[in-house]
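Undergrad: The following block contains the structure, expressed as structure tokens.
The values are calculated or read from the model by the stated rules, or taken from the named source; none is laboratory data. These numbers were taken from a predicted model, which means no experiment stands behind them. Glycine gets a Cβ as well: all are built from the backbone with ideal geometry, and neighbour counts include every protein chain shown. These accessible areas exclude ligands, DNA and RNA; they are computed on the full protein's heavy atoms, side chains included. Shrake-Rupley method; radii C 1.70, N 1.55, O 1.52, S 1.80 Å.
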Amino acid sequence: MNESRQELNRNLAQMLKGGVIMDVTTPEQAKIAEEAGACAVMALERIPADIRAAGGVSRMSDPQMIKGIQEAVSIPVMAKCRIGHFVEAQILQSIEIDYIDESEVLSPADDIYHIDKTKFYVPFVCGARNLGEALRRISEGATMIRTKGEPGTGDVIQAVRHIRMIRSEILRLHGMDESDLFEAAKELQAPYELVKYVHDNAKLPVVNFAAGGIATPADAALMMQLGAEGVFVGSGIFKSGNPAKRAQAIVKAVTNYTDAKVLASLSEDLGEAMVGINEQEINLLMAERGK
Amino acid sequence: MTVGILALQGAFIEHEKMLSQIGVTSFEIRKKDDLHRHFDGLILPGGESTVMIKLLKELEMFEEVKSAIINGLPVFGTCAGMILLAKDVCNDKMNSLSTMDITVRRNAYGRQLGSFSAIAEMKGIGKIPMTFIRAPYIDSVKDNVEVLSIVDGHIVAAREDNQLATSFHPELTQDVSVHKYFVEMIRGTKSGRRSSV
């Protein structure tokens, strides 16, 4: 992938900022999401909560199912492939997906290597729990980052932990003397050029969204106030009592994330939120996949 | 001079940075109250047009923005912003602001694999870098609209009085000339405008 392609792919992520990307499993759900104001949808066979409940190996979705969703909506369509599974990524590229999520939500296909994303024309978003992970994914060619959070739980604590971690590590680098950056790069296990970029600009070189466990408008606004540039909502919408209404409320919460009065009215009468599982109650930590 | 930037969703910060580079102050418009602050021009940024139209309506800003533009408020729409201005979107049902006599084709270059960058001529400015991200282009314009740029046979920039629209994103490049052009537009309409908005 040449540099201009990389730039165009970073640019698409910029267009998604201030928006909500929603997990959908059918064309009908995709339409509900689009009408509710999603800036993109993530097409997948099972949302994370159901993947968690079903257990077993979880893979890329059926291309036919993804195509059905591409036909149903006019907004960008994303899809997930397994960590390291570059053939699934090749397949997704061939059906002209707008963004590939190399995702820890699916079962990893490789426990050492992530996909060499510089070999692709379509853009990739990857999860990260800390700055080192984020910069390693960017050096592999990711053009967008999201916090991992803990998918399918409806528990926001991990997403909060990850965005706070990334933010504090960015500020730490920013405040460092330039001569310390070589050592910092070694610690972060990340390329010096990217470390230098973060030092100079006090931000990641790509857009950073929050994901994993966001279930309410308040959760979404919390992530925005902590510095996320947009949010992914997976199980939080279609596992709730009134998906369309909740989806709309989360979209508006992301736009007016600092206005508590607006947030209060958005939080009214949303029906049941997804049940949720506390982090202590789960056996499988998806965020531990792909470091 | 102050420019309001619609900040409901999308790449609005990029526009703020361009304006600050040329010494123009701006602020973000996120809700109805923000429309009551004073501003001399309005930018409709890139992002998802479906999201912006929905939020404009739900946040009860749609009619106010529309009538301000009809009453002469200088406006600059990029990509999704151009779709918001178009009277007609030929391949989609969109309830846009419908203030500009252009017919726009949405996602005209296809999905992300069709996104591209180019260097091309824009009338009144010269050669500039242009970034197209899942971009629309203009299928046709009415006589009152001036075509400002054509790339690969498609209209990608146009102006109708107080309204400027581009398919591409000057805010994603290093070149501030389109923003300067818009600021000049504001200066021009300001002196000739009948009443303030």
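Undergrad: Are any residues in the range B:164-188 part of a strand (DSSP E or B) and either surrounded by fewer than 23 Cβ atoms within 10 Å (Cβ to Cβ) or of a type in the set (A, V, I, L, M, F, W, C) (or both), and if so, which ones?
TA: Scanning the range B:164-188 gives B:L164, B:A165.
Undergrad: Return the only residue of A:L173, A:L222, A:L181 being open to solvent by 10 Å² or more (accessible area, probe 1.4 Å) and either within 30 Å of A:G154 (Cβ to Cβ) or touching a helix residue (DSSP H, G or I) at 6+ places or on another chain (Cβ under 6 Å) (or both).
TA: A:L222
Undergrad: Hey, A:D101 hits all of (1) farther than 17 Å from A:V207 by Cα; (2) touching a residue at least 24 places away in the same chain (Cβ under 8 Å) but one; which does it fall short on?
TA: (1) is the only condition that A:D101 fails.
Undergrad: Okay, next question. Give the residue that is farthest from the chain's Cα centre (by Cα), with candidates limited to residues of the range A:235-263 that are within 14 Å of chain B (Cβ to nearest Cβ) and among the small types (G, A, S). Please lay out each step first, then the result.
TA: In the first step, residues of the range A:235-263 are kept if they are within 14 Å of chain B (Cβ to nearest Cβ); the result is A:244-245, A:247-263.
From what's left, among the small types (G, A, S): A:244, A:247, A:249, A:253, A:260.
Details: A:A244: 21, A:A247: 17, A:A249: 19, A:A253: 18, A:A260: 25 Å.
Filtering the range A:235-263 for residues that are within 14 Å of chain B (Cβ to nearest Cβ) and among the small types (G, A, S), the one farthest from the chain's Cα centre (by Cα) comes out as A:A260.
Undergrad: Just give me the residues in the range A:68-123 being more than 14 Å from A:R137 (Cβ to Cβ), of a type in the set (F, W, Y) and more than 14 Å from chain B (Cβ to nearest Cβ), in sequence order.
TA: A:F86
Undergrad: Quick one: in the range B:106-133, which of the residues that are under 18 Å from the mean Cα position of the chain (by Cα) and in a loop (DSSP other than H, G, I, E, B) is surrounded by the most Cβ atoms within 10 Å (Cβ to Cβ)?
TA: Taking the candidates together, the pick is B:I133.
Undergrad: Taking into account only those residues within the range B:12-41 that are among the basic types (K, R) and within 14 Å of chain A (Cβ to nearest Cβ), which is most open to solvent (accessible area, probe 1.4 Å)?
TA: In the first step, residues of the range B:12-41 are kept if they are among the basic types (K, R); the result is B:17, B:30-32, B:37.
Still in the list and also within 14 Å of chain A (Cβ to nearest Cβ): B:17, B:30-32.
On the way: B:K17: 117, B:R30: 42, B:K31: 59, B:K32: 75 Å².
Looking at residues that are among the basic types (K, R) and within 14 Å of chain A (Cβ to nearest Cβ), I get B:K17.
Undergrad: Could you list all residues from the range A:241-291 that are on the phi > 0 side of the Ramachandran plot and either free of Cβ contacts under 8 Å to residues at least 40 places away in the same chain or among the polar types (S, T, N, Q) (or both)?
TA: Of everything in the range A:241-291, those that are on the phi > 0 side of the Ramachandran plot and either free of Cβ contacts under 8 Å to residues at least 40 places away in the same chain or among the polar types (S, T, N, Q) (or both) turn out to be A:D269, A:G271.
Undergrad: Another question about this same structure. Please work out which one of (1) in contact with a Ser or Thr (Cβ under 8 Å, 6 or more places away or on another chain); (2) within 14 Å of chain A (Cβ to nearest Cβ) is the condition B:N91 fails and give its number.
TA: (1)
Undergrad: Right, another one. Give the residue, chosen from A:N208, A:N242, that is surrounded by fewer than 22 Cβ atoms within 10 Å (Cβ to Cβ) and of a type in the set (S, T, N, Q).
TA: On inspection, the qualifying residue turns out to be A:N242.
Undergrad: While we're looking at this one, here's another question. Going through the range B:73-88 one residue at a time, which ones are touching a helix residue (DSSP H, G or I) at 6+ places or on another chain (Cβ under 7 Å) and more than 12 Å from every other protein chain (Cβ to nearest Cβ)?
TA: So the first thing to find is which residues in the range B:73-88 are touching a helix residue (DSSP H, G or I) at 6+ places or on another chain (Cβ under 7 Å), and the list is B:74-78, B:80, B:83-84.
Scanning the range B:73-88 gives B:P74, B:V75, B:F76, B:G77, B:L84.
Undergrad: Among strands (runs of 3 or more DSSP E) lying entirely in the range B:1-105, which contain 3 or more residues that are farther than 24 Å from B:N144 by Cα?
TA: Answer list for the range B:1-105: B:2-6, B:25-29.
Undergrad: How many of the residues in the range B:110-164 are small (G, A, S), over 15 Å from B:D175 (Cα atoms) and within 14 Å of chain A (Cβ to nearest Cβ)?
TA: Taking the range B:110-164 and keeping what is small (G, A, S), we get B:110, B:114-115, B:117-118, B:120, B:124, B:126, B:135, B:140, B:149, B:153, B:157-158.
If we keep only those that are over 15 Å from B:D175 (Cα atoms) too, we end up with B:110, B:114-115, B:135, B:140, B:149, B:153, B:157-158.
After this cut, where a residue has to be within 14 Å of chain A (Cβ to nearest Cβ) as well, the list is B:110, B:114-115, B:135.
Residues that pass the stated criteria total 4.
Undergrad: Hey, another quick one. For the range A:30-46: of the residues being open to solvent by 10 Å² or more (accessible area, probe 1.4 Å) and in contact (Cβ under 8 Å) with a residue 60 or more places away in the chain, which is farthest from the other protein chains (Cβ to nearest Cβ)?
TA: Ranking the qualifying residues of the range A:30-46, first place goes to A:I32.
Undergrad: Right, next: Kindly indicate whether any position in the range A:5-18 is away from chain B (no Cβ under 12 Å) and either buried (at least 20 other Cβ atoms within 10 Å of the Cβ) or in a loop (DSSP other than H, G, I, E, B) (or both).
TA: Within the range A:5-18, the subset away from chain B (no Cβ under 12 Å) is none.
The answer is no, given that none of the residues of the range A:5-18 is away from chain B (no Cβ under 12 Å) and either buried (at least 20 other Cβ atoms within 10 Å of the Cβ) or in a loop (DSSP other than H, G, I, E, B) (or both).
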